[in-house]
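Taking it in order: structure first as structure tokens, then the write-up.
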């Protein structure tokens, strides 16, 4: 070996001895970041645990101070580092790990570099930067955002949307658009939307391509009323917090309704008006789902009809109701007249001429073109001045051109030989042609002014109709039924099987038992006389 080479070798050995001496005394060999473990670690807003390792040649730590720093990733390495803080556990000269907590709640979202520096104990204070083990991390303090839609057209969800909890078809459909501005959302099993309905029902919906879609958000079993829907979402760093709050209105109660058709009795061809009034206290009535035949046709007669009303509320609960019945009678086809009558005037029915009596004051007539068996022919408002509101005629055989005449008399008609006793409202006469042997029954609706009854001290149950029997010259009281009343009149009905003179007035007064009492007095007197005679005879024999 040459002298020059020996000199170089000696110098190299001396350097090694010096370095070895320095490390043996107090030299930091490696600085490592233990936690976070990997680059590209994602961190949420919280207090993070940082951990660094410091090793020396001889295995003993000579670190006097360990500091943790962070720096936005786009800064140059020679840029200023931001101090997180010094280690919090410098408790032993020989320790090899150093810890620090980092509150990231005030750190803006973004990507950062972590770095550790160590000041060692020794003859020369040296700072060792662990830049060779810098960790790259992402801080994501912002939860994802969601927008809730519903339906195939992705219509924005409206708070207060109603659903019934009794049918599967009314399960809630939600299409939830999800986005995250920081780390984004990955199509993985880690990303879900969680839907909580009123704290009672939970649903986990996988997030796919930025959407959480479900058509079976179950609301069954929930009571009526507004229910809160909480939507939670997690992103790739498991930020999962309440993100959106909606409201669904649960309505399990079917609506109710009343249906009414009026009037209750009409003639063929008349108009009947039917109405339906549904109500619902929760979601309200869906007017477009309410259906009833408002004006049913009336072509047929003699049948009772009932109209059906169907309806629904906004939650889809349905209901139905039946109306009251109404009756269609045969129309009183033909002509009607009602005129005042002059004294001693004459009237003609086409074949004969008749002189009207002095007592006649008002006459009304109606011609029924045809009356068929099984169907009542009705004429309303026949002669109100005469106290006749309506006449209904039923026949046993077909009848044509039936003329019915009602004449009011201001006094007892001359043809009537006997006055009607009691308080009298009016006399009247009803006549009919072309009804011989065909009339089955006629129902007459009378009307009596309330003021007349009051002035005569009569209650409504003390009024009756009477028919004059021309063969026996007797006024027979008819079976009279109180029908109804309005502000002006009491209305009554009576059935007859023939027409004649009629009277409306005070109900027949039943004789009191006074006459019977006098009879008993006479019986007692006779018995007393007979007893006296018997006593006299018995004493005489003695």
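Please tell me if residue 293 is in a loop (DSSP other than H, G, I, E, B), surrounded by 19 or more Cβ atoms within 10 Å (Cβ to Cβ) and in contact (Cβ under 8 Å) with a residue 12 or more places away in the chain. Break it down stepwise before answering.
Details: in a loop (DSSP other than H, G, I, E, B): yes; surrounded by 19 or more Cβ atoms within 10 Å (Cβ to Cβ): no; in contact (Cβ under 8 Å) with a residue 12 or more places away in the chain: yes.
The answer is no for residue 293.
Restricting attention to region 464-487, which residues are more than 49 Å from the chain's Cα centre (by Cα) and assigned to a strand (DSSP E or B)? It would help to see each step written out before you state the result.
If we filter region 464-487 for residues that are more than 49 Å from the chain's Cα centre (by Cα), which is where we start, we get 464-479.
Result: 464, 465, 466, 467, 468, 469, 474, 475, 476, 477.
Regarding residue 438, is this residue surrounded by fewer than 20 Cβ atoms within 10 Å (Cβ to Cβ) and touching a helix residue (DSSP H, G or I) at 6+ places or on another chain (Cβ under 6 Å)? Explain how you work it out, then say what you get.
Working: surrounded by fewer than 20 Cβ atoms within 10 Å (Cβ to Cβ): yes; touching a helix residue (DSSP H, G or I) at 6+ places or on another chain (Cβ under 6 Å): no.
Against the criterion (surrounded by fewer than 20 Cβ atoms within 10 Å (Cβ to Cβ) and touching a helix residue (DSSP H, G or I) at 6+ places or on another chain (Cβ under 6 Å)), residue 438 does not qualify.
Scan region 79-98 and give yes if some residue there is in a strand (DSSP E or B), in contact with a helix residue (DSSP H, G or I) (Cβ under 7 Å, 6 or more places away or on another chain), modelled with pLDDT of 60 or more and surrounded by 14 or more Cβ atoms within 10 Å (Cβ to Cβ), otherwise no. Working first, answer last.
Looking only at region 79-98, we keep the residues that are in a strand (DSSP E or B), and these are 82-86, 97-98.
From what is left, the residues that are in contact with a helix residue (DSSP H, G or I) (Cβ under 7 Å, 6 or more places away or on another chain) are none.
No, because not a single residue in region 79-98 is in a strand (DSSP E or B), in contact with a helix residue (DSSP H, G or I) (Cβ under 7 Å, 6 or more places away or on another chain), modelled with pLDDT of 60 or more and surrounded by 14 or more Cβ atoms within 10 Å (Cβ to Cβ).
Could we say that residue 312 is touching a helix residue (DSSP H, G or I) at 6+ places or on another chain (Cβ under 7 Å) and modelled with pLDDT of 85 or more here? Walk me through it before giving the result.
Values: touching a helix residue (DSSP H, G or I) at 6+ places or on another chain (Cβ under 7 Å): yes; modelled with pLDDT of 85 or more: yes.
Here the answer is yes, as residue 312 does meet what is asked.
Each row is one residue, and each column tells you yes or no for (1) surrounded by 13 or more Cβ atoms within 10 Å (Cβ to Cβ); (2) modelled with pLDDT under 80.
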{"residue": "145", "(1), (2)": "yes, yes"}
{"residue": "156", "(1), (2)": "no, no"}
{"residue": "160", "(1), (2)": "no, yes"}
{"residue": "166", "(1), (2)": "yes, yes"}
{"residue": "171", "(1), (2)": "yes, yes"}
{"residue": "175", "(1), (2)": "yes, no"}
{"residue": "183", "(1), (2)": "yes, yes"}
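Can you pull out every residue in region 99-126 that is surrounded by 12 or more Cβ atoms within 10 Å (Cβ to Cβ), at pLDDT below 65 and in contact with a strand residue (DSSP E or B) (Cβ under 7 Å, 6 or more places away or on another chain)?
Listed by number, the residues that qualify are 119, 120, 121, 126.
Among the residues of region 377-397, write down those that are surrounded by fewer than 22 Cβ atoms within 10 Å (Cβ to Cβ), in contact with a strand residue (DSSP E or B) (Cβ under 7 Å, 6 or more places away or on another chain) and over 27 Å from residue 460 (Cα atoms).
394, 396
Among the residues of region 309-325, which ones are more than 10 Å from the chain's Cα centre (by Cα) and buried (at least 21 other Cβ atoms within 10 Å of the Cβ)?
Matches in region 309-325: 309, 323.
Looking at this structure, is residue 470 closer than 30 Å to residue 437 by Cα and modelled with pLDDT under 90?
Working: closer than 30 Å to residue 437 by Cα: yes; modelled with pLDDT under 90: yes.
So residue 470 passes the test.
Mind counting the residues in region 382-420 that are closer than 19 Å to residue 363 by Cβ, over 52 Å from the mean Cα position of the chain (by Cα) and in a strand (DSSP E or B)?
Within region 382-420, residues that are closer than 19 Å to residue 363 by Cβ, over 52 Å from the mean Cα position of the chain (by Cα) and in a strand (DSSP E or B) number 9.
The values are calculated or read from the model by the stated rules, or taken from the named source; none is laboratory data. Predicted, not measured: the structure shown is a model, and the values here were computed from it. Cβ sites come from the backbone with ideal geometry, for glycine too, and all protein chains shown count toward neighbours.
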